[in-house]
Amino acid sequence: MQSHLIRALAVLVATMFASAALGAPVTNVCGGAAGIASTPAVSSDHRRLYVIGANGKLFALDVATGGVVRGWPVTVVRRTSVEYVWSALRVLDGKVLVPVGSHCDRPDAAGVSWDGRLVAVDTLTRRITNTLDVVPGPANGGSIWGWAGTSWDAAAKVLWTATANATFQSNGNLIEKQPLAERVLALDPSLRVR
(Lines give C-alpha, C1' and ligand atoms only; values in the text may rest on other atoms or scores of the structure.)
Protein backbone atom coordinates (compact mmCIF):
# COMPACT_ATOMS: atom_id res chain seq x y z
CA MET A 1 0.00 0.00 0.00
CA GLN A 2 2.68 2.53 0.91
CA SER A 3 4.68 1.95 -2.25
CA HIS A 4 1.45 2.12 -4.29
CA LEU A 5 0.64 5.47 -2.72
CA ILE A 6 4.15 6.77 -3.36
CA ARG A 7 3.94 5.71 -7.02
CA ALA A 8 0.52 7.30 -7.35
CA LEU A 9 1.75 10.53 -5.81
CA ALA A 10 4.76 10.54 -8.11
CA VAL A 11 2.40 10.19 -11.10
CA LEU A 12 0.22 12.97 -9.75
CA VAL A 13 3.14 15.32 -9.18
CA ALA A 14 4.35 14.74 -12.74
CA THR A 15 0.81 15.27 -14.01
CA MET A 16 0.29 18.45 -11.99
CA PHE A 17 3.44 20.10 -13.25
CA ALA A 18 2.73 19.07 -16.83
CA SER A 19 -0.92 20.10 -16.75
CA ALA A 20 -2.11 23.51 -17.83
CA ALA A 21 -5.51 22.69 -16.30
CA LEU A 22 -4.31 23.68 -12.83
CA GLY A 23 -3.54 27.16 -14.06
CA ALA A 24 -0.50 29.25 -14.74
CA PRO A 25 1.14 31.41 -12.06
CA VAL A 26 -0.94 34.48 -11.20
CA THR A 27 0.44 38.02 -11.02
CA ASN A 28 -0.05 39.53 -7.56
CA VAL A 29 0.02 42.98 -5.93
CA CYS A 30 3.52 42.33 -4.60
CA GLY A 31 4.98 42.60 -8.08
CA GLY A 32 5.58 38.91 -8.59
CA ALA A 33 3.79 35.82 -9.74
CA ALA A 34 2.68 32.89 -7.61
CA GLY A 35 1.95 29.28 -8.42
CA ILE A 36 1.00 26.43 -6.10
CA ALA A 37 2.40 26.88 -2.58
CA SER A 38 0.05 24.95 -0.31
CA THR A 39 0.53 21.27 0.47
CA PRO A 40 -2.16 19.13 -1.19
CA ALA A 41 -4.36 16.81 0.89
CA VAL A 42 -4.99 13.13 0.19
CA SER A 43 -8.31 11.49 0.95
CA SER A 44 -7.66 7.75 0.94
CA ASP A 45 -11.33 6.79 1.12
CA HIS A 46 -12.14 8.67 -2.08
CA ARG A 47 -8.71 8.08 -3.62
CA ARG A 48 -8.35 11.76 -4.41
CA LEU A 49 -5.67 14.37 -4.09
CA TYR A 50 -6.95 17.90 -3.46
CA VAL A 51 -4.78 20.80 -4.62
CA ILE A 52 -5.44 24.51 -5.11
CA GLY A 53 -3.78 26.57 -7.79
CA ALA A 54 -2.87 30.26 -7.67
CA ASN A 55 -5.93 30.79 -9.85
CA GLY A 56 -8.04 30.08 -6.74
CA LYS A 57 -9.50 26.84 -8.09
CA LEU A 58 -9.59 23.76 -5.86
CA PHE A 59 -9.00 20.58 -7.88
CA ALA A 60 -9.75 16.97 -7.02
CA LEU A 61 -7.36 14.64 -8.85
CA ASP A 62 -7.84 10.90 -9.20
CA VAL A 63 -4.94 9.21 -7.40
CA ALA A 64 -4.87 6.31 -9.90
CA THR A 65 -4.83 8.39 -13.09
CA GLY A 66 -3.84 11.94 -12.12
CA GLY A 67 -6.86 13.22 -14.02
CA VAL A 68 -9.24 15.89 -12.76
CA VAL A 69 -12.31 14.33 -11.13
CA ARG A 70 -15.58 15.13 -12.92
CA GLY A 71 -17.31 18.21 -11.51
CA TRP A 72 -14.12 19.80 -10.28
CA PRO A 73 -12.52 22.34 -9.89
CA VAL A 74 -14.36 24.58 -7.41
CA THR A 75 -13.49 28.28 -7.25
CA VAL A 76 -12.55 29.19 -3.66
CA VAL A 77 -10.53 32.38 -4.20
CA ARG A 78 -11.77 34.99 -6.68
CA ARG A 79 -9.47 37.93 -5.87
CA THR A 80 -6.26 36.13 -6.78
CA SER A 81 -4.14 39.29 -7.05
CA VAL A 82 -4.49 39.86 -3.27
CA GLU A 83 -5.62 36.50 -1.83
CA TYR A 84 -3.58 33.30 -1.84
CA VAL A 85 -3.47 29.85 -0.26
CA TRP A 86 -0.07 29.35 1.42
CA SER A 87 -1.16 26.80 3.99
CA ALA A 88 -1.68 23.07 3.75
CA LEU A 89 -5.11 21.78 2.82
CA ARG A 90 -6.84 19.26 5.10
CA VAL A 91 -9.61 16.74 4.50
CA LEU A 92 -11.91 16.37 7.51
CA ASP A 93 -15.38 14.85 7.73
CA GLY A 94 -15.92 14.91 3.96
CA LYS A 95 -14.77 18.48 3.55
CA VAL A 96 -11.58 20.05 2.21
CA LEU A 97 -10.43 22.88 4.47
CA VAL A 98 -8.79 25.72 2.54
CA PRO A 99 -6.96 28.42 4.55
CA VAL A 100 -6.85 31.76 2.68
CA GLY A 101 -4.37 34.56 3.36
CA SER A 102 -2.84 37.47 1.53
CA HIS A 103 0.09 37.63 -0.85
CA CYS A 104 1.95 40.34 1.07
CA ASP A 105 -0.57 42.36 3.11
CA ARG A 106 -1.17 44.87 0.33
CA PRO A 107 -4.59 45.92 -0.97
CA ASP A 108 -5.48 45.81 -4.65
CA ALA A 109 -5.16 48.78 -7.03
CA ALA A 110 -8.51 50.15 -5.78
CA GLY A 111 -7.26 50.04 -2.17
CA VAL A 112 -9.44 47.05 -1.21
CA SER A 113 -7.79 44.63 1.23
CA TRP A 114 -7.89 40.86 1.09
CA ASP A 115 -10.32 38.75 3.11
CA GLY A 116 -8.52 36.02 5.10
CA ARG A 117 -10.64 33.04 5.94
CA LEU A 118 -10.93 29.29 6.39
CA VAL A 119 -13.24 27.70 3.81
CA ALA A 120 -14.84 24.24 3.95
CA VAL A 121 -15.68 22.63 0.59
CA ASP A 122 -17.87 19.51 0.63
CA THR A 123 -16.14 16.72 -1.33
CA LEU A 124 -19.43 15.23 -2.60
CA THR A 125 -21.50 18.31 -3.47
CA ARG A 126 -18.48 20.46 -4.38
CA ARG A 127 -20.05 23.41 -2.57
CA ILE A 128 -18.64 25.75 0.05
CA THR A 129 -20.48 24.76 3.22
CA ASN A 130 -18.83 26.88 5.92
CA THR A 131 -16.50 29.85 6.15
CA LEU A 132 -14.66 31.35 9.11
CA ASP A 133 -13.93 35.02 8.33
CA VAL A 134 -10.86 36.01 10.37
CA VAL A 135 -12.02 39.64 10.53
CA PRO A 136 -15.79 39.64 9.95
CA GLY A 137 -16.96 41.82 7.10
CA PRO A 138 -15.64 42.24 3.59
CA ALA A 139 -11.99 43.01 2.82
CA ASN A 140 -10.81 43.54 6.40
CA GLY A 141 -7.65 41.52 6.04
CA GLY A 142 -6.84 38.72 8.39
CA SER A 143 -4.97 35.67 7.15
CA ILE A 144 -4.37 32.01 7.74
CA TRP A 145 -0.98 31.27 6.28
CA GLY A 146 0.97 29.02 8.61
CA TRP A 147 2.43 26.22 6.49
CA ALA A 148 0.57 23.52 8.43
CA GLY A 149 -2.85 25.07 7.81
CA THR A 150 -5.09 23.44 10.39
CA SER A 151 -4.49 20.68 12.92
CA TRP A 152 -7.15 18.23 14.08
CA ASP A 153 -7.29 16.89 17.64
CA ALA A 154 -9.53 13.84 17.18
CA ALA A 155 -9.78 13.08 20.90
CA ALA A 156 -11.00 16.57 21.77
CA LYS A 157 -12.77 17.10 18.42
CA VAL A 158 -11.02 20.45 18.04
CA LEU A 159 -9.63 21.99 14.88
CA TRP A 160 -6.72 24.37 15.51
CA THR A 161 -5.50 27.19 13.27
CA ALA A 162 -3.41 30.33 13.61
CA THR A 163 -4.52 33.68 12.21
CA ALA A 164 -2.76 36.94 11.42
CA ASN A 165 -2.78 40.40 9.90
CA ALA A 166 -6.06 42.26 10.29
CA THR A 167 -6.43 45.54 8.42
CA PHE A 168 -9.66 46.74 9.98
CA GLN A 169 -10.22 50.47 9.47
CA SER A 170 -12.18 52.54 11.99
CA ASN A 171 -12.49 56.32 11.60
CA GLY A 172 -9.48 56.26 9.28
CA ASN A 173 -7.29 54.36 11.77
CA LEU A 174 -5.79 50.93 11.19
CA ILE A 175 -6.77 48.59 14.02
CA GLU A 176 -4.93 45.26 13.85
CA LYS A 177 -6.20 44.03 17.21
CA GLN A 178 -9.33 42.11 16.27
CA PRO A 179 -11.01 39.32 18.25
CA LEU A 180 -9.99 36.52 15.85
CA ALA A 181 -6.83 37.96 14.24
CA GLU A 182 -3.31 37.38 15.55
CA ARG A 183 -4.57 34.34 17.50
CA VAL A 184 -4.51 30.58 17.72
CA LEU A 185 -8.14 29.51 17.37
CA ALA A 186 -9.92 26.38 18.55
CA LEU A 187 -12.77 25.54 16.19
CA ASP A 188 -15.42 22.87 15.94
CA PRO A 189 -15.72 20.91 12.66
CA SER A 190 -18.25 23.45 11.31
CA LEU A 191 -15.60 26.19 11.77
CA ARG A 192 -17.28 27.86 14.75
CA VAL A 193 -14.96 29.25 17.40
CA ARG A 194 -15.13 27.24 20.63
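The values are calculated or read from the model by the stated rules, or taken from the named source; none is laboratory data. Since the structure is predicted, the reported quantities are computational estimates derived from the model, not experimental observations. Counting neighbours? That spans all protein chains shown, and the Cβs are built from the backbone with ideal geometry, glycine included. Remember, those area values only see protein heavy atoms, side chains included, never the ligands or the DNA or RNA. Shrake-Rupley method; radii C 1.70, N 1.55, O 1.52, S 1.80 Å.
Working only within segment 143-171, note down all residues that are part of a strand (DSSP E or B), touching a Ser or Thr at 6+ places or on another chain (Cβ under 6 Å) and farther than 19 Å from Lys95 by Cα.
Of segment 143-171, the ones part of a strand (DSSP E or B) are 143, 150-153, 158-162, 164-166, 168-170.
Imposing the further condition that a residue be touching a Ser or Thr at 6+ places or on another chain (Cβ under 6 Å) reduces the set to 143, 150, 159-161, 164-165.
If the condition is that a residue be part of a strand (DSSP E or B), touching a Ser or Thr at 6+ places or on another chain (Cβ under 6 Å) and farther than 19 Å from Lys95 by Cα, then Ser143, Ala164, Asn165 are the ones that fit.
Do you know which of the residues in segment 22-36 that are surrounded by fewer than 15 Cβ atoms within 10 Å (Cβ to Cβ), at negative phi and in a loop (DSSP other than H, G, I, E, B) is modelled with the lowest pLDDT?
Here is the first cut: in segment 22-36, the residues surrounded by fewer than 15 Cβ atoms within 10 Å (Cβ to Cβ) are 24-25, 27, 31-33, 35.
With at negative phi added as a condition, the list becomes 24-25, 27, 32-33, 35.
When the remaining residues are screened for being in a loop (DSSP other than H, G, I, E, B), the result is 24-25, 32, 35.
Details: Ala24: 81, Pro25: 84, Gly32: 85, Gly35: 84.
Out of the qualifying residues, it is Ala24.
Between Val112, Val76, Val184, which is surrounded by 19 or more Cβ atoms within 10 Å (Cβ to Cβ) and among the β-branched types (Val, Ile, Thr)? Spell out the reasoning first.
Working: Val112 fails: surrounded by 19 or more Cβ atoms within 10 Å (Cβ to Cβ); Val184 fails: surrounded by 19 or more Cβ atoms within 10 Å (Cβ to Cβ).
Being surrounded by 19 or more Cβ atoms within 10 Å (Cβ to Cβ) and among the β-branched types (Val, Ile, Thr) holds for just one of Val112, Val76, Val184, which is Val76.
Can you confirm whether Leu132 is farther than 24 Å from Glu176 by Cβ, part of a strand (DSSP E or B) and in contact with a strand residue (DSSP E or B) (Cβ under 9 Å, 6 or more places away or on another chain)? Outline the logic, then answer.
Details: farther than 24 Å from Glu176 by Cβ: no; part of a strand (DSSP E or B): yes; in contact with a strand residue (DSSP E or B) (Cβ under 9 Å, 6 or more places away or on another chain): yes.
Answer is no for this residue.
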> Of all residues in segment 81-109 being among the acidic types (Asp, Glu) and part of a loop (DSSP other than H, G, I, E, B), which is surrounded by the fewest Cβ atoms within 10 Å (Cβ to Cβ)?
Replying inline: Asp93
> Would you pick out the residues in segment 55-80 that are more than 20 Å from Thr131 (Cβ to Cβ) and assigned to a loop (DSSP other than H, G, I, E, B)?
Replying inline: Val63, Ala64, Thr65, Gly66, Gly67, Val69, Arg70, Gly71
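Is it the case that some residue within segment 38-51 is assigned to a strand (DSSP E or B), more than 17 Å from Val91 (Cα to Cα), at pLDDT 85 or above and open to solvent by less than 70 Å² (accessible area, probe 1.4 Å)?
Residues of segment 38-51 assigned to a strand (DSSP E or B): 41-43, 48-51.
Now drop any that are not more than 17 Å from Val91 (Cα to Cα), which leaves none.
Looking through segment 38-51, none of the residues is assigned to a strand (DSSP E or B), more than 17 Å from Val91 (Cα to Cα), at pLDDT 85 or above and open to solvent by less than 70 Å² (accessible area, probe 1.4 Å).
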> Restricting attention to segment 138-151, which residues are surrounded by fewer than 17 Cβ atoms within 10 Å (Cβ to Cβ) and within 21 Å of Asp188 (Cα to Cα)?
Replying inline: Trp147, Ala148, Ser151
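Let's see how each residue does on (1) small (Gly, Ala, Ser); (2) at negative phi:
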site: Ser87; (1), (2): yes, yes
site: Val91; (1), (2): no, yes
site: Gly111; (1), (2): yes, no
site: Trp114; (1), (2): no, yes
site: Ala120; (1), (2): yes, yes
site: Leu132; (1), (2): no, yes
